[in-house]
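What follows draws every value from the coordinates through simple rules; no lab data is involved. Remember, predicted model here, so these are calculated numbers, not experimental data. Note that we place each Cβ from the backbone using ideal geometry, even for glycine, and neighbour counts take in every protein chain shown.
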Amino acid sequence: MPKNTQTALGIRIRELRKARQWSQEGLAAASGLHWTYIGQVERGERNLTLQSIQAISKALKIKISELFQGLD
């Protein structure tokens, strides 16, 4: 289990992205975020804003709450 929520959320986003067989660039395009930002998020280097969380969940076609499943 990752040390902090930021890292755990990044891992969760990576898992969801890979389950859809998307590249970081693909998720970036679908979410309107930059691909380097997606990489930083997945590595736990970025603390996401609510707007970014919403954009990623919308791109993945899941509820925001589903992004946080299993993180507690």
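Some points to look at:
- Looking at the chain, the GluC sites (Glu not before Pro) that sit in a DSSP loop and have at most 15 other Cβ atoms within 10 Å of their own Cβ are Glu45.
- Pairs of Cα atoms nearer than 8 Å and 6+ residues apart set the relative contact order; for the chain it is 38 percent.
- Residues of type lysines that Lys3 reaches as a straight line, Cα spacing below 23 Å, ignoring anything fewer than 8 places off in the same chain: Lys18
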